[in-house]
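The values are calculated or read from the model by the stated rules, or taken from the named source; none is laboratory data. For clarity, every value in this text was computed on a predicted model and none was experimentally measured. Don't worry about glycine lacking a Cβ; one is built from the backbone with ideal geometry, like all the others, and counts go over all protein chains shown.
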Amino acid sequence: MAAISTTGTATAGSAPPRAAVFAPSADEQIAPRRLFAFLAMVFGMFMAILDIQIVSASLTEIQAGLAASSNEINWVQTAYLIAEVIMIPLSGYLSRALGTRMLFAISAGGFTLASLMCGLSTNITEMIIWRAIQGFIGGGMIPTVFATAYIVFPRSKLPIVSPMIGLVATLAPTIGPTVGGYLTDALSWHWLFFINVVPGIAVTIAALVLIDFDKPDWSLLNDFDWIGLASMAGFLGALEYVLEEGPRNDWFGDETVLLMTWVSALSAIVFFVRVLSARAPIVDVRAFGDRNFGLGSIFSFVLGIGLYGLTYLYPVYLGQIRGYNALMIGETMFVSGVFMFLTAPIAGRLMTRVDVRLMLITGFLLFATGTYWMTYLTRDWDFWELFWPQVFRGVGLMLSMIPINNIALGTLPPERVKNASGLFNLTRNLGGAVGLALLTTVLNDRTDLHIARLHENFTWAHQPAQEMLTTLTQRFASFGSDAQLMALKQLNQIVHRQAVVIAFSDVFLLLTLLFVGLAAMAIIIKRPTGAPAGGGGH
């Protein structure tokens, strides 16, 4: 690939990339053109990640507008996730083949067009098709931004660049329900998609005009591994389907979920055979052989569980237990986003002053503090009771996300960063998918368990139960003979609600233990030294 810096960059016949780490002071300057190009790319990534969750608080309105069934409407989110998870690891290969400029322009332009068509959809079939296209094409922007940050910029600028991409990666899914709730309430659900059009056009033009980081290697397309692509699509796409639909359909008790499990397993076998034997594999999984990258990817996977898991749990609690609408849920959850934003520049400065392992441990423990606080949850918790858990969540995510990015990608040689960036982002998305499936299953199972236990206690011999039933019966006395039946129904609803609240506490305890264990695991990371990525370029 063509060099991007005038000095200190490896050229033909010169020292290998690792020898070209420390560039002269001239290379420490960021050209304004490239800075503006990178900012445009970051905004494009923000749109792509935001659109994962922006529809989550407005699915009811979309369902009504498209006359969709309750089973069909879930595919508005599932189709996007399945398509995106296929593109993310593929983006590294395409970035090398097409060049950053062409890939990002195609991704941004295609994402913008698909967003427009989603907003114009008149039935659920059209919506699902365009959401899949939107997720697939837009998925190419996310790892490309991560790779660019660690290839183009010198290491001295990482305390500025890393918080920027870390903030976007964590903030976008967190505020997605908030933005979606405001747009749907103020305008209509169509604007969840129309809002991407003007910024998307601007990002596409900026990519075409400003990006000059590297040159395409068209020869890679001559050996494109179509079998590898098909097997990867089957492996990851079917796996995402299983993780999305399994909790809703009794897992392997559903024939389609069972079938997709077999498709994923068999496709995985073909995929790994191809990537280990093909002449030009579409994904180079050998990056996991690097100790820091492997550990960073594990941390990213678990961080995905926490990031997307709490973005799911809070709205479910606020909607089912507190009865909040989409706008009220968004306003309550905005606290985490505010503290992520405030913590990002602090985390960037700490990177140059504090051992990154200490930052990781602190971030994980702060996150665990927030989830442990939530184990005391009751059905009466409101904005202020949820305030401090969300503060700990926001600060903890930022303090851990930024060092994870640098541990995983900041020590790799430049020629491996593009491919590794796709794998790294894939682990976070898969962590989110696995986390949502796991947390939903645990929540449902623990709810059933606690309902059974509460019913065992609420017998005719239980004095408080009798007193509550008598009180409720008197409340419904005006309904005559139906009063006792209505009282029993009301009592059953109270028992169910309490069982759900206790189940939420169990799930938050599980997350606490997970992140405390992750903090202990951070001790074994090898402290990053002078990183080869940054300032070298391709």
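Please tell me if PHE235 is over 27 Å from LEU439 (Cα atoms) and either surrounded by 17 or more Cβ atoms within 10 Å (Cβ to Cβ) or among the β-branched types (Val, Ile, Thr) (or both). Before the answer, list the steps.
Numbers: over 27 Å from LEU439 (Cα atoms): no; either surrounded by 17 or more Cβ atoms within 10 Å (Cβ to Cβ) or among the β-branched types (Val, Ile, Thr) (or both): yes.
It is false that PHE235 is over 27 Å from LEU439 (Cα atoms) and either surrounded by 17 or more Cβ atoms within 10 Å (Cβ to Cβ) or among the β-branched types (Val, Ile, Thr) (or both).
Looking at ARG248, ARG286 in this structure, which one is at pLDDT below 80 and assigned to a helix (DSSP H, G or I)? Working first, answer last.
On the way: ARG248 fails: assigned to a helix (DSSP H, G or I).
Only one candidate passes the filter, namely ARG286.
Restricting attention to region 289-302, the residues being charged (D, E, K, R) and either assigned by TED's automatic domain parsing to the domain that holds LEU236 or not in a loop (DSSP other than H, G, I, E, B) (or both) number 1. Failed condition for VAL257, given (1) part of a helix (DSSP H, G or I); (2) surrounded by 15 or more Cβ atoms within 10 Å (Cβ to Cβ); (3) touching a residue at least 60 places away in the same chain (Cβ under 8 Å), with all others met? The one condition VAL257 does not meet is (3). Taken over region 196-238, the criterion of being among the aromatic types (Phe, Trp, Tyr), under 30 Å from MET260 (Cα atoms) and touching a residue at least 24 places away in the same chain (Cβ under 8 Å) is satisfied by PHE224, PHE235.
Of all residues in region 400-415, how many are modelled with pLDDT of 75 or more and of a type outside the set (A, V, I, L, M)? Lay out the reasoning, then the answer.
First, the residues of region 400-415 that are modelled with pLDDT of 75 or more: 400-409.
Next, only the ones that are of a type outside the set (A, V, I, L, M) stay: 400, 403, 405-406.
Final tally of qualifying residues: 4.
The set of residues in region 379-417 that are in a loop (DSSP other than H, G, I, E, B) and over 21 Å from the mean Cα position of the chain (by Cα) comprises ARG379, ASP380, TRP381, ASP382, THR411, LEU412, PRO413.
One residue alone among THR332, THR362 is modelled with pLDDT of 85 or more, buried (at least 19 other Cβ atoms within 10 Å of the Cβ) and in the same structural domain as THR441 (by TED's automatic domain parsing), and that residue is THR362. Using beta carbons and a limit of 8 Å, which pairs, at least six apart or on different chains, have the first residue in region 147-159 and farther than 13 Å from PHE213 by Cα and in contact (Cβ under 8 Å) with a residue 12 or more places away in the chain and the second one among the aliphatic types (A, V, I, L, M) and part of a helix (DSSP H, G or I)? Note: pairs meeting the criteria are LEU158/ALA149. Is it the case that LEU258 is outside the structural domain of LEU98 (by TED's automatic domain parsing) and out of contact with any His (no Cβ under 9 Å at 6 or more places or on another chain)? The answer is yes for LEU258. What number of residues in region 81-125 are of a type in the set (A, V, I, L, M, F, W, C) and under 27 Å from PRO414 (Cβ atoms)? Residues in region 81-125 being of a type in the set (A, V, I, L, M, F, W, C) and under 27 Å from PRO414 (Cβ atoms): 15 in total.
Could we say that MET333 is out of contact with any Gly (no Cβ under 6 Å at 6 or more places or on another chain) and not hydroxyl-bearing (Ser, Thr, Tyr) here? For MET333, the condition - out of contact with any Gly (no Cβ under 6 Å at 6 or more places or on another chain) and not hydroxyl-bearing (Ser, Thr, Tyr) - is met. Just one of the numbered conditions (1) farther than 25 Å from ILE305 by Cα; (2) surrounded by fewer than 24 Cβ atoms within 10 Å (Cβ to Cβ) is not true of ALA132: (1).
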